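Undergrad: Here's a structure for you.
The values are calculated or read from the model by the stated rules, or taken from the named source; none is laboratory data. All values reported here derive from a predicted model rather than from experimental measurement. All Cβ positions, glycine included, derive from the backbone under ideal geometry; neighbour counts span all protein chains shown. The protein model used for the area step is the full one, side chains on, heavy atoms only, and it has no ligands, DNA or RNA in it. Shrake-Rupley method; radii C 1.70, N 1.55, O 1.52, S 1.80 Å.
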Amino acid sequence: MYKEEAEKPAPSSCPGSSTDIRVDRDLPNTWNEARGEQGSSLPSEDVKKSRFSCWQEMPAVKESGALTALTRAEILLQESMFEVVTSEASYLRSLNVTIDHFMASGELSRLLTKQDKKILFSTITKIQQVSENFLIDLECRLDENPVISDICDITEHHAKHSFSSYIDYVRNQPYQEKIFLQFTKEKAQFTEVVNKLQEDPICHRLPLKSFLFLPFQRITRLKILVENILKRTEQGCNREKMAAAALKEVSKIVGECNKEVGKMKQTEEMVHIGNTIEFTKMKAIPVISQFRWLVKRGELLELSMQEKFFRLKKLSPVYLFLFNDLLLVTVQKGADRFVVQDYAHRSLTEVQEVKLNSIGSLQENSFVLVLIQNRRNECSKRLVKASNPTEKARWMEALTQKKSSENDNEESEYEKVYEDWDCPQVQCLEAYAAQQADELSLEPANLINVTHKTTDGWYKGMRLSDGKMGWFPNNCVKEIMNEHVRRRNLLERYRVLRAAEELLQMKN
């Protein structure tokens with residue numbers, strides 16, 4: 001893991017501090033000083049500098065008598081709010097090192113094309129501007145009174161209006177890491193120049209990659225800092241409501257950033273799996289897709305349905321890859337090579353418990369895996385055995401279909417809900433302009449995946465052209481008879497046949 005801040009650690013003597021980072025920061029006395037002469041930057045170099053690692057060390061605080069007037073709980077709250085300011089200042093200095101020391105390096109620039117440099121440093125200058133604006137407002141609040149009134153209102157405002165830049169930065173990180181790794185392997189001079197730059201004392205012996213990773217770490221840390229403020233705020237007061245609102249907005253940003261990181265890991269995982277899968281005796285299907293991710297993988301033993309010598313049943317290993325919308329049945333041929341035997345859409349798979357005494361002592365931890373429509377468009381059954389009861393339960397849970405409300409006997413009177421990988425699709429026939437913030441504007445020919453249907457004529461779905469979600473009336477669209485409908489019909493037909501088969505066995 002990278003260090004959280006590109007700042008030399010030092011022990012802190014302040015109670016209530018959640019980090020041990022000594023911060024070197026400017027504390028301007030007026031709003032104009034904070035803005036600088038041009039009103040567009042941080043304090044100029046001629047502003048008096050002081051070192052404060054905690055709120056109690058500030059001369060203005062000591063002179064105000066606040067330390068004797070406030071309770072210990074109130075002092076801890078002041079320290080928590082002050083830490084947002086000091087840590088943002090520390091973080092901004094690290095961003096400045098990234099831009100002024102690394103990005104502005106003439107030696108490094110001569111080795112990179114404009115496009116390479118854009119990918120490597122991504123939107124770091126935008127992140128710097130966001131941090132500068134946030135810090136200016138925080139320091140302004142600090143100058144109003146030695147006892148900080150609140151900083152969560154400022155945090156909420158910036159989270160709402162500018163912190164989305166963090167999401168963009170995190171989204172670009174896979175390309176950033178890829179080009180960094182590529183240059184490290186292929187360009188010796190790049191590594192040499194970067195190492196030389198990293199040796200400068202201004203970097204505190206931290207590598208360039210640590211500086212590039214700072215934005216994601218910062219937004220995650222800011223959430224923790226706001227949580228600390230909320231915990232130390234008196235219940236029921238307006239400040240508590242504002243802290244909760246700030247935490248909500250920052251959490252949204254962190255959630256979106258984590259989602260982008262998750263997508264990045266899923267993509268890497270899918271590419272790796274795709275490179276290990278082989279279709280040797282059948283037509284290959286595309287495994288890698290931006291809408292596909294791995295749910296579970298692992299080895300099971302398949303019990304042959306035909307008896308062998310001495311009335312023993314043969315056990316053969318099979319390796320399953322269960323994705324959100326696809327099941328692959330493979331055989332492992334090496335450390336990193338899997339040959340596909342069969343496959344089916346996930347909605348066309350089922351699991352069944354093994355009937356008592358049907359396979360004797362081999363029954364333990366076994367279940368029937370049903371591919372309602374496999375690669376040959378046939379229904380196939382496999383008797384498989386897990387290594388232990390827990391593994392069996394986990395596989396059966398992963399493979400069990402979650403019933404949508406349209407097939408459930410306890411159908412909701414309000415809506416039907418579908419899995420995003422197995423949902424109806426509609427096409428817009430008549431333009432619709434959104435009337436509310438949660439609605440979706442549509443143009444003729446737009447395709448939408450429907451995730452919810454209400455009984456009063458409204459759908460909720462995702463517009464495929466840009467991935468935007470929202471509600472819209474069903475009278476402006478027409479449902480497409482697609483794979484979703486075909487799979488539902490097959491599934492219903494299989495369940496009817498199975499029910500008839502069980503009824504016949506009961507009569508016999």
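Undergrad: Condition test on residue 196, is it open to solvent by 60 Å² or more (accessible area, probe 1.4 Å), in contact (Cβ under 8 Å) with a residue 12 or more places away in the chain and either of a type in the set (Lys, Arg) or outside any helix (DSSP H, G or I) (or both)?
TA: Against the criterion (open to solvent by 60 Å² or more (accessible area, probe 1.4 Å), in contact (Cβ under 8 Å) with a residue 12 or more places away in the chain and either of a type in the set (Lys, Arg) or outside any helix (DSSP H, G or I) (or both)), residue 196 qualifies.
Undergrad: Still on this model: Tell me, which residue of the stretch 375-414 that is of a type in the set (Val, Ile, Thr) and surrounded by fewer than 13 Cβ atoms within 10 Å (Cβ to Cβ) is modelled with the highest pLDDT?
TA: 400
Undergrad: Anything in the stretch 264-282 that is free of Cβ contacts under 8 Å to residues at least 40 places away in the same chain and within 30 Å of residue 226 (Cβ to Cβ)? List them, or say none.
TA: Of everything in the stretch 264-282, those that are free of Cβ contacts under 8 Å to residues at least 40 places away in the same chain and within 30 Å of residue 226 (Cβ to Cβ) turn out to be 265, 266.
Undergrad: Identify the single condition in (1) at pLDDT 90 or above; (2) over 14 Å from residue 142 (Cα atoms) that residue 59 does not satisfy, given that it satisfies every other one.
TA: Answer for residue 59: the failing condition is (2).
Undergrad: Tally up the residues in the stretch 199-219 that are more than 16 Å from residue 121 (Cα to Cα) and either open to solvent by 50 Å² or more (accessible area, probe 1.4 Å) or of a type in the set (Asp, Glu) (or both), please.
TA: 6
Undergrad: If residue 178 satisfies all but one of (1) part of a helix (DSSP H, G or I); (2) surrounded by 16 or more Cβ atoms within 10 Å (Cβ to Cβ), what's the number of the condition it fails?
TA: The failed condition is (2).
Undergrad: Oh, and also: Please enumerate the residues belonging to the stretch 427-449 that are open to solvent by 40 Å² or more (accessible area, probe 1.4 Å), among the aliphatic types (A, V, I, L, M) and assigned to a strand (DSSP E or B).
TA: 447
Undergrad: Within the stretch 105-120, which residues are part of a helix (DSSP H, G or I) and without any contact (Cβ under 8 Å) to a residue 60 or more places away in the chain?
TA: Residues satisfying the conditions are 106, 109, 110, 114, 115, 117, 118.
Undergrad: While we're on this one: Quick test of your reading of the structure: residue 153 fulfils all but one of (1) assigned to a helix (DSSP H, G or I); (2) surrounded by 18 or more Cβ atoms within 10 Å (Cβ to Cβ); (3) touching a helix residue (DSSP H, G or I) at 6+ places or on another chain (Cβ under 8 Å). Name the failing condition by number.
TA: For residue 153, the failing item is (2).
Undergrad: Would you check if residue 115 is open to solvent by 30 Å² or more (accessible area, probe 1.4 Å), at pLDDT 95 or above and not aliphatic (A, V, I, L, M)?
TA: Here the answer is no, as residue 115 does not meet what is asked.
Undergrad: Residue check: is residue 142 modelled with pLDDT of 95 or more and closer than 30 Å to residue 62 by Cβ?
TA: For residue 142, the condition - modelled with pLDDT of 95 or more and closer than 30 Å to residue 62 by Cβ - is not met.
Undergrad: With the requirement that a residue be surrounded by fewer than 18 Cβ atoms within 10 Å (Cβ to Cβ) and either at pLDDT below 85 or within 29 Å of the chain's Cα centre (by Cα) (or both), what does the stretch 345-364 give you?
TA: If the condition is that a residue be surrounded by fewer than 18 Cβ atoms within 10 Å (Cβ to Cβ) and either at pLDDT below 85 or within 29 Å of the chain's Cα centre (by Cα) (or both), then 355, 356, 357, 358, 359, 360, 361, 362, 363, 364 are the ones that fit.
Undergrad: Ok, one more. Hey, can you tell me all the residues within the stretch 255-292 that are among the acidic types (Asp, Glu) and assigned to a helix (DSSP H, G or I)?
TA: Across the stretch 255-292, the qualifying residues are 256, 260, 268, 269.
Undergrad: Restricting the search to the stretch 284-297, which residues are of a type outside the set (A, V, I, L, M, F, W, C) and surrounded by 12 or more Cβ atoms within 10 Å (Cβ to Cβ)?
TA: The answer is 289, 292, 296, 297.
Undergrad: Go through the residues of the stretch 202-215 one by one and say whether even a single one is part of a helix (DSSP H, G or I), in contact with a helix residue (DSSP H, G or I) (Cβ under 6 Å, 6 or more places away or on another chain) and free of Cβ contacts under 8 Å to residues at least 60 places away in the same chain.
TA: no
Undergrad: Can you name every residue in the stretch 182-193 that is among the basic types (Lys, Arg), part of a helix (DSSP H, G or I) and open to solvent by less than 80 Å² (accessible area, probe 1.4 Å)?
TA: Correct list: empty.
Undergrad: Those residues that are among the charged types (D, E, K, R) and open to solvent by 50 Å² or more (accessible area, probe 1.4 Å), I need them from the stretch 241-283; list them, please.
TA: Scanning the stretch 241-283 gives 241, 248, 252, 256, 259, 263, 265, 268, 269, 278, 281, 283.
Undergrad: So which residues in the stretch 450-484 are closer than 21 Å to residue 345 by Cβ, open to solvent by less than 30 Å² (accessible area, probe 1.4 Å) and polar (S, T, N, Q), if there are any at all?
TA: Matches in the stretch 450-484: 451 only.
Undergrad: Report yes if residue 125 is in a helix (DSSP H, G or I), free of Cβ contacts under 8 Å to residues at least 24 places away in the same chain and open to solvent by 10 Å² or more (accessible area, probe 1.4 Å), otherwise no.
TA: Spelling it out, it is not the case that residue 125 is in a helix (DSSP H, G or I), free of Cβ contacts under 8 Å to residues at least 24 places away in the same chain and open to solvent by 10 Å² or more (accessible area, probe 1.4 Å).
Undergrad: Between a residue in the stretch 460-471 that is touching a residue at least 40 places away in the same chain (Cβ under 8 Å) and any residue that is open to solvent by less than 70 Å² (accessible area, probe 1.4 Å) and outside any loop (DSSP other than H, G, I, E, B), which pairs come within a Cβ distance under 8 Å, given they are 6 or more apart or on different chains?
TA: Pairs that qualify, where the first residue is touching a residue at least 40 places away in the same chain (Cβ under 8 Å) and the partner is open to solvent by less than 70 Å² (accessible area, probe 1.4 Å) and outside any loop (DSSP other than H, G, I, E, B), are 462/448; 462/449; 462/451.
Undergrad: Every residue in the stretch 332-344 that is open to solvent by less than 40 Å² (accessible area, probe 1.4 Å) and either touching a helix residue (DSSP H, G or I) at 6+ places or on another chain (Cβ under 8 Å) or at pLDDT below 90 (or both), please.
TA: 334, 338 - these are the residues of the stretch 332-344 that are open to solvent by less than 40 Å² (accessible area, probe 1.4 Å) and either touching a helix residue (DSSP H, G or I) at 6+ places or on another chain (Cβ under 8 Å) or at pLDDT below 90 (or both).
Undergrad: With 77, 138, 95 as the choices, which residue is open to solvent by less than 50 Å² (accessible area, probe 1.4 Å), part of a helix (DSSP H, G or I) and farther than 24 Å from residue 245 by Cβ?
TA: Going through 77, 138, 95 in turn, just one is open to solvent by less than 50 Å² (accessible area, probe 1.4 Å), part of a helix (DSSP H, G or I) and farther than 24 Å from residue 245 by Cβ: 95.
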